[in-house]
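> Please read through the structure below; I'll follow up with questions.
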Amino acid sequence: MILKINNLHSEVAGKSILKGLNIEVKAGEVHAIMGPNGAGKSTLANIIAGREDYEVTQGTIELNGEDISELAPEERAHAGVFLSFQYPVEIPGVSVTNFIKTAINENRKARGLEDMPAKDMLQKIREKSELLEIDRKFLSRSLNEGFSGGEKKRNEIFQMAMLEPKLAILDETDSGLDIDALRIVANGVNKLKSKDNAVIVITHYQRLLDYIVPDFVHVLYDGKIVKSGDASLALELEAKGYDWIKQELVS
Amino acid sequence: MELKDKILSSYVAFENEMDMNSDIHEIRTKAFENFEKLGFPTKKLEAWKYTSLNPILKNDFCILPNKEVSVDLAEVRKYFISDIDSYKVIFIDGKYSSFLSETTHDTIDVCLMSAALTKPKYKVVIENYFNKIAKQDNLTSLNTAFAKEGAYIYIPKNVEVQKPIQIINLTTGAEIATMMQPRNLIVVEENAHVQIIERHQSLNSNAVLSNVVTEVFVGRNATVDYYKIQNDNLNASLVDNTYIEQKTNSEVSVHTFSFGGNITRNNLNFYQRGEHINSILKGITIIEEKQHVDHHTLVHHIEPNCESHQDYKGIYDERSTGVFNGKVIVEKEAQKTNAYQQNNNVLVSDKATVNAKPQLEIFADDVKCSHGCTIGQLDDDALFYMQQRGIPKKEGKALLMYAFANTVLDSVKIPEVKKRITKLIAQKLKVNIGFDL
């Protein structure tokens, strides 16, 4: 079991967002979490990653059988959690290359390893940037500064490819992408999938799921998973919207 | 005895050793009278509203230090940029150290102010330039009254000096408290080029107050790059009064790196006397504890078609305090001036303070003048982003601060200086940044 969330409740600025959420994700699986605006999708992503402004009031989050709910964000990253941000942050003055080098070496340091030799690092950067069809020049630019929406998301998946996480959470990775960028990003994610890791795709739309095919689809509504199914559930949601689920819940 | 009285009586002793018949004597006497009248600046003066010298003026300063103290090269080498070939003018407690220095009279003069003020061969240059642009304010007058030693640099027409010149003032702390009045004169003639690195360093924890005056004259088409490295200990204070006059087509950049000291006050003044002049003023301040750094800049645009670029960044931790007062005057004749001023500050601690004041006095109507000022905290979103990628909070903060200051380093033209500053910043931020940004 890669991720096991049990009865998770959370508050942001005193407002209750998650209200008893449960989910289990096994190695090799792709899960999609869909749901209307304000259902708590991004909150869930941020809580798993350990963002401090989100308070867990009840419940547990286990990664590979270990409770991670008390860990700092960087410790969760070291344990293998990766979040592809909906809105990646711009950091002027730090190049993409230097940022990823620092991140990789900090992850290695946490595992008691030496810095990655420069030659290996370059080789890996070359390999992974080709996978995401990223131009060499792009790598020396300041992180996300002046990047288009598509470049930002590609850069997120590039970092994911470099860091090789156990659990990747893609928060609205498809938003702001044109169809070509979407294909490149999805292709990258698919190539990174293995029997040892897992992916959670958070999305509004079915579109991305044409490319990254989920094993399970969950509907998050009002802070809880209210319905789960296979990939066909996503198609049904796309066709019928969320209202029928709300009605099902009422009745 | 009050410090001012002590200074007044010391002056008599000082003058007794000097040549009473020289023109310099007259200049000193006038300056002395001026200081006698004005005294030390107080917070009542607008320019000193946020910087009080009172706490340090209580020290029983030795005004005319004359103990001969020798220092070990191994001990002070770290204060030089030693991995490059350079000229060096080095003073220990205000006295020239021929052992540590490397001066020259080959084509250019890199030597001593005491020689320039007394020897006939320098008479013309001294007459033309000495004390010509230095203001007649309190502390500059005090320095002029005691002007005797410092660096004298003369670069004749068309000479591109290949090696940087380092001016280093070391204080050994032989006295409980020492007051220094270094006086530098730098004349760069037409088409000439020179790079200068200046540093003041106290070698132990006894109090020091260095009141420095540097006059720089830059001829047509000449370029000067000036780097001031301020990383002194907690009992050493510095008042740096620098006056720069530029002629047509010249370019001067001054980078001020303020990383430590008790009270550091930088009065950096540019006077543009010509057209198509470019003046560049940059600074990085990173301080903590109860340190105080005050940048007072002045750019006086007198003639048309000139530029000035100011970019000062500050990172303030603990109870440190900072001041940025950037004054730009654009005279009526100075049409098509392009004056840019930027001052950004990060307060790392709740107890740190910054007072920022842009002061633009524009009398011309066809100019481009902009200024921007920010005072803020580190971006939490950026910090979380880095942590999410496995970079611990402390390293993430350092990386953010480092990146924040980075734009100022871009324009440093001596790679070894850039490397040194990078290292100092990493040290200041207590983190090992394993790469160049």
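No value in this document is a laboratory result; all are computed from the given coordinates. Just so you know, these numbers come straight off a predicted model, no measurement behind them. Glycine also receives a Cβ, built like all others from the backbone with ideal geometry; neighbour counts cover every protein chain displayed.
> Given the options A:VAL25, B:ASN235, B:PHE217, identify the residue whose Cα lies farthest towards the positive end of the charge dipole of the protein assembly as shown (+1 on Cβ of Lys, Arg; -1 on Cβ of Asp, Glu).
Value: B:ASN235.
> Give me, ordered by chain and number, the residues 5 or more places off B:ILE244 or on other chains with an amide H under 5 Å from its own placed amide H.
Under 5 Å from the amide H of B:ILE244 lie the amide H atoms of B:VAL216, B:ASN269, B:PHE270, B:TYR271, each far enough along the sequence or on another chain.
> Can you tell me how much longer the chain between A:LYS246 and A:ALA110 gets when fully stretched, taken as 0.36 nm per residue apart minus their C-alpha distance, in nm with one decimal?
Working: separation 136, 0.36 × 136 = 48.96 nm, distance 4.50 nm.
Full-extension gain reported as 44.5 nm.
> Using the alpha carbon gyration tensor of the stretch B:187-301, what are the three equivalent-ellipsoid semi-axes (square root of 5 times each eigenvalue), largest first, in whole Å?
Working: eigenvalues 168, 33, 23 Å².
Taking √(5λ) for each Cα gyration eigenvalue gives 29, 13, 11 Å.
> Within chain A, what is the longest stretch that has no trypsin sites (Lys or Arg not before Pro) placed in a DSSP loop and near at most 12 other beta-carbon atoms within 10 Å? Spell out each step's value before the answer.
Numbers: sites that count: A:ARG111, A:LYS195.
No qualifying site falls inside A:1-110, the longest such stretch.
> Angle between the Cα long axis of helix A:149-163 and the longest principal axis of chain A, 0 to 90 degrees, nearest 10?
Helix A:149-163 and the main axis of chain A meet at about 80 degrees.
> When the convex hull of the Cα atoms of the stretch A:1-142 is projected onto a plane and the area is averaged over all directions, what value comes out in nm²?
Values: hull surface 41.5 nm².
Value for the stretch A:1-142: 10.4 nm².
> Let me spell out the model: positive unit charges on the Cβ of Lys and Arg, negative unit charges on the Cβ of Asp and Glu, origin at the Cα centre of the stretch B:225-324. What dipole size does that give, in debye rounded to 20?
Working: 8 positive and 14 negative charges, 28 e Å.
With Lys and Arg at +1 and Asp and Glu at -1, about 140 debye.
> Given the -39500 (n - 2.57) contribution per DSSP H run of 4+ residues, what per-residue ellipticity at 222 nm results for chain A, rounded to the nearest 500 deg cm²/dmol? Write out the running numbers ahead of the final one.
Numbers: 8 runs with 92 residues, N = 251.
Result for chain A, helices only: -11000 deg cm²/dmol.
> Further, regarding this structure: Starting from the amide H of A:TYR221, placed 1.01 Å from N in the peptide plane, find each other amide H under 5 Å away whose residue is 5 or more places distant or on another chain.
Those lying under 5 Å, H to H, from A:TYR221 are A:VAL226.
> If you count, for every residue in B:390-400, the Cβ atoms of partner chains within 10 Å of its Cβ, what is the mean? Mind dumping the intermediate values first?
Values: counts 21, 9, 9, 4, 1, 4, 6, 0, 0, 6, 4.
Across B:390-400, the average partner-chain Cβ count within 10 Å equals 6.
> For the Cα atoms of chain A, what angle does the longest principal axis make with the long axis of helix A:96-110, in degrees from 0 to 90, nearest 10?
Helix A:96-110 sits roughly 80 degrees off the main axis of chain A.
> When Cβ neighbours within 10 Å are restricted to other protein chains, what is their mean count per residue of peptide A:93-106?
Details: counts 12, 10, 4, 0, 1, 7, 7, 1, 2, 10, 6, 2, 4, 8.
Taking the mean over all residues of the peptide, I get 5.
> Once the stretch B:17-58 is represented by equal point scatterers at the alpha-carbon sites, with solvent omitted, what log10 I(q)/I(0) does the Debye formula produce at q = 0.25, 0.35 Å⁻¹?
Here log10 of I(q) over I(0) equals -0.83, -1.10.
> Quick check: convex hull over the Cα atoms of the stretch A:29-102, volume per residue in Å³, rounded to an integer?
Numbers: hull volume 10.6 nm³, N = 74.
Per residue, the Cα convex hull of the stretch A:29-102 comes to 144 Å³.
> If you don't mind, there's one more thing I want to ask. First measure r as the distance between the Cβ atoms of A:THR60 and A:LYS137, then evaluate 1/(1 + (r/R0)^6) with R0 = 35 Å and state the FRET efficiency to the nearest 0.05. Walk me through the intermediate numbers first.
Details: r = 45 Å, r/R0 = 1.29.
That pair, A:THR60 with A:LYS137, gives E of 0.20.
> Roughly how many debye, to the nearest 20, is the charge dipole of chain A about its Cα centre, given +1 on each Lys and Arg Cβ, -1 on each Asp and Glu Cβ, and no other charges?
Dipole about the Cα centre, nearest 20: 420 debye.
> For chain A, state what percent of all Cα-Cα pairs lands in each successive 10 Å bin, counting from 0 Å until the bin that includes the largest distance.
Taking all Cα pairs of chain A, the binned fractions are 7, 31, 36, 21, 5, 1, 0 percent.
> Putting +1 on Lys and Arg Cβ atoms and -1 on Asp and Glu Cβ atoms, find which of A:GLY149, A:ILE68, A:ALA103 reaches farthest to the positive end of the dipole of the stretch A:57-167.
Highest projection toward the positive end goes to A:GLY149.
> Kindly write out, for the stretch B:370-376 in residue order, the coupling ³J(HN,Hα) from the Karplus curve 6.51 cos²θ - 1.76 cosθ + 1.60 (θ = phi - 60°), rounded to whole Hz, with x marking Gly and Pro.
9, 8, x, 8, 10, 10, x
> Among B:ASN128, B:LEU38, B:TYR87, which residue has its Cα furthest toward the positive end of the charge dipole of the stretch B:33-128, with +1 on Lys/Arg Cβ and -1 on Asp/Glu Cβ?
B:LEU38
> Continuing with this model, one more query. Counting other Cβ atoms within 10 Å, which trypsin sites (Lys or Arg not before Pro) in the stretch B:20-77 have at most 16 and lie in a DSSP loop? Write out the running numbers ahead of the final one.
Numbers: sites: B:ARG28, B:LYS30, B:LYS37, B:LYS43, B:LYS44, B:LYS49, B:LYS58, B:LYS67, B:ARG77; in loops: B:LYS43, B:LYS44, B:LYS49, B:LYS58, B:LYS67.
Answer by residue number: B:LYS43, B:LYS44, B:LYS49, B:LYS58, B:LYS67.
> Starting at the first residue of the stretch B:377-391, write each ³J(HN,Hα) from the Karplus equation 6.51 cos²θ - 1.76 cosθ + 1.60 with θ = phi - 60°, in whole Hz, x for Gly and Pro.
For the stretch B:377-391, the Karplus curve yields 9, 5, 6, 4, 5, 5, 5, 5, 4, 5, 4, 4, 8, x, 8 Hz.
> Can you give the log10 of the normalised intensity I(q)/I(0) at q = 0.07, 0.13 Å⁻¹, computed with Debye over equal Cα scatterers of chain B?
-0.33, -1.22
> Also, quick follow-up: Applying the Karplus parametrisation 6.51 cos²θ - 1.76 cosθ + 1.60 with θ = phi - 60° to the phi angles of the stretch B:44-50, what ³J(HN,Hα) value in whole Hz is obtained for each residue in order, glycine and proline being reported as x?
Result, ordered by residue: 6, 6, 3, 5, 10, 4, 9 Hz.
> To continue, here is another question. Where nothing but the Cβ of Lys and Arg (+1) and of Asp and Glu (-1) is charged, how large is the charge dipole of the stretch A:148-251 around its Cα centre, in debye to the nearest 20?
Working: 13 positive and 17 negative charges, 45 e Å.
In total the dipole reaches around 220 debye.
> Report the residues of the stretch B:92-110 in range of a label on B:THR118: point 7 Å along Cα→C-beta, backbone N strictly under 17 Å from it.
B:92, B:94-98
> Work out the mean other chain Cβ neighbour count within 10 Å for the residues of A:82-92 and drop it here as an integer. The partial results should precede the final answer.
Values: counts 3, 4, 1, 4, 0, 2, 2, 9, 4, 10, 6.
Across A:82-92, the average partner-chain Cβ count within 10 Å equals 4.
> What's the center-to-center distance, using Cα atoms, between the stretch B:197-275 and the stretch A:46-89 in Å?
Spelled out, the Cα-based centre of one part sits 49 Å from the other.
> Over the stretch B:315-354, what relative contact order in percent results from Cα pairs under 8 Å that are six or more residues apart?
Details: 42 pairs, mean separation 28.4, N = 40.
Result for the stretch B:315-354 is 71 percent.
> Can you give the local net charge around B:LYS290? Use residues other than it whose beta-carbon is closer than 12 angstrom to its beta-carbon, Lys and Arg +1, Asp and Glu -1.
-2
> If you project the alpha carbons of the protein assembly as shown onto their three principal axes, what span does each projection cover, largest first, in Å?
Principal-axis extents of the protein assembly as shown (Cα, largest first): 106, 49, 48 Å.
> Per DSSP helix of 4 or more residues, -39500 (n - 2.57); summed, then divided by the residues of chain B. What does that give at 222 nm, rounded to the nearest 500? Can you show the working numbers first?
Details: 10 runs with 99 residues, N = 437.
Result for chain B, helices only: -6500 deg cm²/dmol.
> Plugging the Kirkwood radius over Cα pairs into Stokes-Einstein for the stretch B:339-437, at a temperature of 10 °C and a viscosity of 1.306 mPa s, what D comes out in µm²/s? If you can, show how the numbers build up before the last one.
Details: Rh = 15.9 Å.
In µm²/s, the coefficient rounds to 100.
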